[in-house]
Structure formats: structure tokens, C-alpha cells
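K.L.:
To start, I am sharing the structure in question, which I have written as C-alpha cells.
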Amino acid sequence: MTLAGFREGYARALEWVVIALMATLAIEVTAGVVFRTIGMSLPWYDEVASILLAWLTYYGSALAAVKRGHISCPELVAIFPPAVRLPLALLAELLVFGFFILLAYTGWSILDILATDHLVSLPEISVNYVQSVIPISAVLILIAEALNVPAILAEARHGHGGGGAEGKAKEASH
């Protein structure tokens, strides 16, 4: 399997996670509204909806990372001469990796502290289970970034979009 093939499979898996979270959130909120309308409010639906939205945000960020959909400034790197572009791209990637390694470590460290806390409306569910999304998504984003490093470095070496007609078409589509 090629790196590009693995990256596509990874993106597809994250898409399914995001789709499942979106569908679950939609069903859960709809059920909450219906039950509230008929006078039988579900005491847990607000808290669960908030958690699902947070999970959707974190896992959606991992999906955006693998698709290189986060806000970035490749044009800023591209305006520099070739000798400067590669070191700038490497520095940017090092900063991104450093941040998400720190987030994964901190997110993992906090889970022990949260182990004794439980959800208000569902006391049988531990907060550390809910907050586990932070280190998990940080690792997923690190994997996504690692899968994108070859393309990022190629763009830095050859200009935005890899240069040539394909690069110009890609740039024009943004």
C-alpha cells in the first residue's frame, strides 16, 4: 500500500467517524426536542449534545488535518526564494507537531485528575471518558500531519501546489 493510499483510507475512516457523530448528534437532539415537546424532557440530552458537539469538533479537526483543510498560509511560504521555503515549511511543521504532542501529553495527564468526576445528568459516566477525546484527537491529528509532510515539503521545494500547470490550477481553485 502506498502512502497516498493509506492517507486516503485514513481520511475515509475519519469521515465515517465524523458522519456517525453527526448522525448521533442529530438523532439525540431531535429526540430531546420531541420528548420536551410532549412534556417528557430527557434530563441528560443537553449534556450529551454538548459532549457530542465537542467530539465532533475534535474528530472533525483530525479529518480537516488529513485533508489539509485547516487555515494555513502556503502562499506566505511560496513568496520566499526556494532556499528559504524548505526551512520555513520545516519550522512550521515542527511547531504544529510540538503543539499537538503537548496537547496529547497534557490531555492524557489530565485524565487521571478527572477520573473521579462524573457527568451531572449521567453520574455513571466518568468525565475522563468524555475528555479522552483530547489526547485521542491530538494523536489522530499528528498522524494526519505526518501523512501530509511529504506533500508539504514537495510544495516548499517546488512552490505552492508543486509548481507547473497542476499547481496553478490548484491555486486558482482556492
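The values are calculated or read from the model by the stated rules, or taken from the named source; none is laboratory data. Everything numeric here is computed off the predicted structure, so don't read it as measured data. Here Cβ is always computed from backbone atoms with ideal geometry, including for glycine, and neighbour counts include all displayed protein chains.
K.L.:
Take segment 116-144 and flag every residue that is assigned to a loop (DSSP other than H, G, I, E, B) and of a type in the set (Val, Ile, Thr).
P.N.:
The first filter runs over segment 116-144 and keeps only residues assigned to a loop (DSSP other than H, G, I, E, B), leaving 116-117, 119-125, 132.
The answer is Thr116, Val120, Ile125.
K.L.:
From the set of residues in segment 17-72 that are under 18 Å from Leu119 (Cα atoms) and among the charged types (D, E, K, R), which is surrounded by the most Cβ atoms within 10 Å (Cβ to Cβ)?
P.N.:
Filtering first and then ranking leaves Glu28.
K.L.:
A further question follows. Quick test of your reading of the structure: Ala4 fulfils all but one of (1) closer than 17 Å to Ala151 by Cα; (2) within 14 Å of the chain's Cα centre (by Cα). Name the failing condition by number.
P.N.:
For Ala4, the exception is condition (2).
K.L.:
Here is a further query. Exposed (fewer than 14 other Cβ atoms within 10 Å of the Cβ) and among the acidic types (Asp, Glu): which single residue out of Glu145, Glu93, Glu75, Glu155 fits that description?
P.N.:
When all the criteria are applied, what remains is Glu75.
K.L.:
Quick one: Pro87 ticks every box in (1) within 22 Å of the chain's Cα centre (by Cα); (2) at pLDDT 90 or above bar one, so which box is it?
P.N.:
(1)
K.L.:
Could I ask something else about it? Looking at (1) touching a residue at least 24 places away in the same chain (Cβ under 8 Å); (2) outside any loop (DSSP other than H, G, I, E, B), find the lone condition where Val84 falls short.
P.N.:
Every listed condition holds for Val84 apart from (1).
K.L.:
Would you check which residues across segment 72-106 are among the hydrophobic types (A, V, I, L, M, F, W, C) and under 25 Å from Ser132 (Cα atoms) and list them?
P.N.:
Within segment 72-106, Leu94, Leu95, Val96, Phe97, Phe99, Phe100, Ile101, Leu102, Leu103, Ala104 qualify.
K.L.:
So which of Asn148, Asn128 is farther than 30 Å from Phe6 by Cβ and within 20 Å of the chain's Cα centre (by Cα)?
P.N.:
Values: Asn148 fails: farther than 30 Å from Phe6 by Cβ.
Going through Asn148, Asn128 in turn, the sole match is Asn128.
K.L.:
Taking segment 67-85, which residues are touching a helix residue (DSSP H, G or I) at 6+ places or on another chain (Cβ under 7 Å) and closer than 11 Å to Glu155 by Cβ?
P.N.:
Within segment 67-85, Arg68, Pro74, Glu75, Val77, Ala78, Arg85 meet the criteria.
K.L.:
Please determine, by comparing only the residues of segment 114-135 that are in contact (Cβ under 8 Å) with a residue 12 or more places away in the chain and among the β-branched types (Val, Ile, Thr), which one is surrounded by the most Cβ atoms within 10 Å (Cβ to Cβ).
P.N.:
Of everything passing the filter in segment 114-135, Val130 is surrounded by the most Cβ atoms within 10 Å (Cβ to Cβ).
K.L.:
Then there's this: Having 1 or more residues that are free of Cβ contacts under 8 Å to residues at least 60 places away in the same chain, farther than 18 Å from Ala138 by Cβ and hydroxyl-bearing (Ser, Thr, Tyr) is the bar; report the helices (runs of 4 or more DSSP H) wholly within segment 1-79 that clear it.
P.N.:
Result: 3-37, 45-66.
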